[in-house]
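Values quoted throughout were computed directly from the atomic coordinates according to the rules given, and no laboratory measurement underlies them. Worth saying up front: this structure is predicted, and the values here are computed from it rather than measured. Cβ atoms come from the backbone with ideal geometry, glycine included; neighbour counts cover every protein chain shown.
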Amino acid sequence: MEPEKFANGFRLPRSSEFMQILGIVGVAFFGICSIFAFKKLFDKKAGLIINKQGITDNSGGTSIGLVKWNDIIGIRMEQVHSQKFMMLEVSNPEYYIDLKKNRIGKMAMRANYDKFGSPISISANSLKINFAKLQALIEEQYKINNEIKIKSGAEIEIGKEIFTN
């Protein structure tokens, strides 16, 4: 019995052409990921801003800036394996998908929308806050803004953890 075949249920082709194509795809994918990470490394914008207009997310590759409170119709927590994130359900998801100018980011937002019902997700991974606090903060501000009780000019700013001194 062959352990690889048993564990995977199928065998990958071992031809040199297949391995070269696989290598090119891998280099292209991780090269693009590296470009996004490098750009974020020197980005001085706050990772997340919550104010009376809405939530401005600058924390990740699918960030599109301001999501207005008027557009947010629900929030919920989702988890994929051990990764937790907040989903912002919006009344006009196509509008927010169209705000993303680069094709890869747009495809990622479309995948979020297809899988989770919303293109907008916020993770605490690159923010100076743990997930439980992020979730509580967003839920509290959502409740306040749904009740139209936010004070004029109130703003909460969270920096990016991995890019600060």
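Could you pull out every residue, at least 5 positions away or on a different chain, whose amide H is within less than 5 Å of the one on Lys52? Hs are placed 1.01 Å off N in the peptide plane, and Pro or chain starts have none.
Gly153, Ala154
Any idea which of Ile75, Ile50, Gly61 is furthest toward the positive side of the dipole for region 48-163, if Lys and Arg beta-carbons carry +1 and Asp and Glu beta-carbons -1?
Gly61
Just subtract the alpha-carbon distance of Glu17 and Glu94 from 0.36 nm times their residue separation and send over the number in nm, one decimal.
23.8 nm
Pick out, in residue order, every one of the chymotrypsin sites (Phe, Trp or Tyr not before Pro) in region 39-119 that is DSSP loop and has at most 12 other C-beta atoms within 10 Å; say none if there are none. Kindly include the intermediate steps, with their values, before the conclusion.
Numbers: sites: Phe42, Trp69, Phe85, Tyr95, Tyr96, Tyr113, Phe116; in loops: Phe42.
Those satisfying the criteria are Phe42.
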